[in-house]
Amino acid sequence: MSTSKTMPGIPAATTAAGLDERQPLAFEHRIFLLKTLYEASGELATANNTTDILNRFLPTTMGPLGLTFGFALLLRPTGLHIESLGFEKNARAHFERTGAALVTKFFPEQTRPAHIERPCVLVGRHLAKDPHLPPGTNAVIAIPIDATSHAVLGFGPKLTDAPISEVEDELLRGLAANLSLALRKACNEELIKNLNSTLSKKNQWMEQALARMQQTQEELARRAFQLMTLYETAFDLSGITDPQTVLYTFILRLMGTFSYSNGWIALYGPGGSQPDIASRNLPPETATTLASAQGRNQILARFVELKDKMPRANQSYLLSDHHALKQLPAQADTAVLFAVDEDWHGAIGLGHSLSGDPMDEETKHLLLSLAGTFLVTLANTKRIQMIERLNTDLAARNTDLLTTLDKLTSAKHEISLLTETRQRIIGLVQGEVARVRRASWLDVSLIIIAGAVLGLLFNLTGPSGIDLIPPSVFEPAPTTIAAPKAHPMIRNKTAVIIDARPAEFHKQGHIPQAVNLPQELFDFVYSMKLADLAPETPLIIYGRTISRHYDAEVARELELLGHENIMVLKGGLAAWENAGYEVTR
Amino acid sequence: MIAGFMKLLTHPWPALAFRLYIGGLFVYAAMYKINYAAEFSATIASYRLAPYWAVNAMAVFMPWTEIICGTLLILGLRVKSAAALVTALLTVFTLAIIINLLRNAPISCGCFHTIEDPISWWTVLRDLTWIAMTLHVYHFDAILRIDQLFIGKLKRIES
């Protein structure tokens, strides 16, 4: 590229004489160019957008310079924008295919500066040879708008086919500078507009989000209130085991939660059992009416009306029909029919809302949820009551069982005792039978003992009693005399020898001269034979066996009669014979 | 014949007769001894077998034992025990007689009275006969016994 240093429109071979004539023309030309620059600046300043800027810039530039054609390529992130003037119609299609490459040629991505540079203006016929540019291109303006937007403009030759002069080149540069400013301004405005639009959308979205958040917060608050109410209701009802207390507690809770001035609950059991009624701030006759058979039938009639909607076990149904509400036995603005199980049914009524507003869907839902909690609690209470009743029955049965067990144990003990007694009796019987059939030591012993006892008694009490033990056993032994010593006394008759044995033994054999004096015949024999003896006469007595001491007994008798010298022959007749003395037989 | 004799020998009726005889004999013998204990004591002493300190007691107790045994035999109560005891007493008496016969003791039996004929081998034979009768009673006695009534009632209790 080469730029001419001469004034545009002035021949290079102008002489000094002709300089004065051509100066006004040069000034007019310069003024024309300055006006052009001024007008172009004004046109660009009033343009609204980049398309308008380019549309206005091309004729504004081409006209004053007398250029045959011009084109403008604006490459932005949103796409390629093409404006042309002086081309054939198919030239636009050509730029759509090659425009992006042309812009990229001037602003390769690797060499794009971080900051915005000034526009670059290329002027020269050599540009016509560039394959990327349309044929005949004589000037190119490359304008960096921002980091991602660039513009490339090209212009054809002048109508006069004259080269672009230095002044025209400056004009072109000035126009490029203005265009650059206008494009940057327009791009910034578009960017700001886009940002505003995006910000507006985001603000709108934020407002919507805020509205949704507030709605969600309100929903959460309502849910929290419902959950808290459910929790408090469940907490209040959890520790209660009496159904009547459950009814009173629940109706109070409902009145407080939904701001009703009065309320009632009626619970009917199977058959004609006594219903459970709880009412608040209602006249006493209301409870009576609810407890009556008529009240029961009126409420059960609402169940019949519901037919397929009738609440089943552990379910509740909100009664919203005004006609049905009026048919209830007690006044209620809102009523719930419920069924604990197949046998227990009832209704809840709330009257005189303090707020005066009808229940919305959320409140109705909360009411039904509370009714569900109430039903669960009531069912549990019924079960607890049933369990307690079963426990009581079981305890009673256990007591009966224990009593029966004690009786059985006692009876068993008695039976065992009786069995043992029977066995003992049978044993005794068998023993007795055996004793009868054989000789037993027991019987023999009993006979001997009986004989001993009877003999002892008779001997003690009878007239012919005797000493059980002979008295001689306890008396001192009599004086004895040995046979050798007694022999001379007997032979010399200085002593009287007495045979104390029975007569039969005396007859069998005795000491010579012995007087037979058996105890049985003592008095008779003594009086006959010994009565005349002096008391001091020695008397030698003999006769003794294992079974009887005849000598001692006779000696005692003689002693009692006053005889003083009584001696017993030691060893008796046997000792006498053994001593070799004579025996009379 | 032998069988008939054996049948007769083992029949309860002879046993009943022997029982009543021996029972009456002991009751009769005891009656005298009970009333004359001193004389009976002398009789026991004459046998020279019992120790002198036990003679009187035997004279007091033995007659009552005899009368109880005799009564039981007559009534048919505890017949076997009574018969066994009577057999034992008769055996003792017989042995005592035999011993004194061997000693040539000039004593009387003392079975019924104090003054009797001296003991002899006939006495031993008589006692042996009584022992045989008592053994017969022991083994074959079965009728007219009060025990039977008692046993019948006990049998009912047992069943």
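The values are calculated or read from the model by the stated rules, or taken from the named source; none is laboratory data. Only a predicted model underlies this, so the values are computations on that prediction, with no experimental measurement involved. Ideal geometry is used to build each Cβ from the backbone, glycine not excepted, and the neighbour counts take in all protein chains shown.
Starting from region A:66-87, keep only residues that are at negative phi, then list their pairs with residues that are at pLDDT below 85 and of a type in the set (Asp, Glu) whose Cβ atoms are within a distance under 8 Å, requiring at least 6 positions of separation or different chains.
Pairs found: A:Leu80/A:Glu96; A:Ile82/A:Glu96.
Are there any pairs, at least 6 apart or on different chains, whose C-beta atoms fall under 7 Å, with the first in region B:29-49 and within 7 Å of another protein chain (Cβ to nearest Cβ) and the second among the aromatic types (Phe, Trp, Tyr), and if so, which?
Pairs found: B:Ile34/A:Phe458; B:Ile34/B:Trp64.
Please report, ordered by residue number, the helices (runs of 4 or more DSSP H) entirely within region A:473-556 with at least 3 residues that are over 60 Å from the mean Cα position of the chain (by Cα), of a type outside the set (Asp, Glu) and more than 24 Å from B:Ala50 (Cβ to Cβ).
A:483-491
A:Thr198 - would you say it is exposed (fewer than 11 other Cβ atoms within 10 Å of the Cβ), under 30 Å from A:Cys120 (Cβ atoms) and either in the same structural domain as A:Leu350 (by TED's automatic domain parsing) or of a type in the set (Ser, Thr, Tyr) (or both)?
Spelling it out, it is not the case that A:Thr198 is exposed (fewer than 11 other Cβ atoms within 10 Å of the Cβ), under 30 Å from A:Cys120 (Cβ atoms) and either in the same structural domain as A:Leu350 (by TED's automatic domain parsing) or of a type in the set (Ser, Thr, Tyr) (or both).
Mind listing just one residue for me: the one in region A:483-508 that is closer than 30 Å to B:Met62 by Cβ and not basic (Lys, Arg) and, of those, nearest to the other protein chains (Cβ to nearest Cβ)?
Among residues in region A:483-508 that are closer than 30 Å to B:Met62 by Cβ and not basic (Lys, Arg), the one nearest to the other protein chains (Cβ to nearest Cβ) is A:Glu504.
Here are some conditions: (1) surrounded by fewer than 18 Cβ atoms within 10 Å (Cβ to Cβ); (2) assigned to a helix (DSSP H, G or I); (3) in contact with a Gly (Cβ under 8 Å, 6 or more places away or on another chain). A:Ala224 meets all but one. Which one does it not meet?
Here A:Ala224 meets the rest and fails (3).
So B:Leu73 ticks every box in (1) within 9 Å of chain A (Cβ to nearest Cβ); (2) under 20 Å from A:Ser440 (Cβ atoms) but one. Which box is left unticked?
All conditions pass for B:Leu73, except number (1).
Return yes when A:Leu418 is under 30 Å from B:Leu149 (Cβ atoms), of a type outside the set (S, T, N, Q) and more than 10 Å from every other protein chain (Cβ to nearest Cβ) and no when it is not.
Answer is yes for this residue.
Quick test of your reading of the structure: A:Ala434 fulfils all but one of (1) under 30 Å from B:Ile68 (Cβ atoms); (2) surrounded by 11 or more Cβ atoms within 10 Å (Cβ to Cβ); (3) more than 7 Å from chain B (Cβ to nearest Cβ); (4) among the aliphatic types (A, V, I, L, M). Name the failing condition by number.
Failed condition: (2).
Looking only at residues that are of a type in the set (A, V, I, L, M, F, W, C), buried (at least 17 other Cβ atoms within 10 Å of the Cβ) and closer than 17 Å to B:Ala37 by Cα in region A:437-482, which one is farthest from the other protein chains (Cβ to nearest Cβ)?
Of everything passing the filter in region A:437-482, A:Phe458 is farthest from the other protein chains (Cβ to nearest Cβ).
Here are A:Tyr260, A:Tyr248: which of them is closer than 30 Å to A:Ile387 by Cα, among the hydroxyl-bearing types (Ser, Thr, Tyr), in the same structural domain as A:Leu325 (by TED's automatic domain parsing) and at pLDDT 90 or above?
A:Tyr248
Taking the residues in region B:80-121 that are touching a Gly at 6+ places or on another chain (Cβ under 9 Å) and within 15 Å of A:Ser445 (Cα to Cα) as candidates, determine which candidate is surrounded by the fewest Cβ atoms within 10 Å (Cβ to Cβ).
Residue satisfying both the conditions and the ranking: B:Val86.
Within region B:101-121, can one find any residue that is within 12 Å of another protein chain (Cβ to nearest Cβ), assigned to a helix (DSSP H, G or I) and of a type outside the set (Gly, Ala, Ser)?
yes
Listed residues A:Pro64, A:Pro59, A:Pro108; which is in the same structural domain as A:Ser180 (by TED's automatic domain parsing) and modelled with pLDDT of 85 or more?
Of the residues listed, the single one that is in the same structural domain as A:Ser180 (by TED's automatic domain parsing) and modelled with pLDDT of 85 or more is A:Pro59.
Spot the failing condition for A:Asp343; the list is (1) in contact with a Lys or Arg (Cβ under 6 Å, 6 or more places away or on another chain); (2) over 26 Å from A:Thr363 (Cβ atoms), and only one is missed.
The single condition A:Asp343 does not satisfy is (1).
Which is within 11 Å of chain A (Cβ to nearest Cβ), aliphatic (A, V, I, L, M) and part of a helix (DSSP H, G or I), of B:Ala132, B:Ala82?
The unique qualifying residue is B:Ala82.
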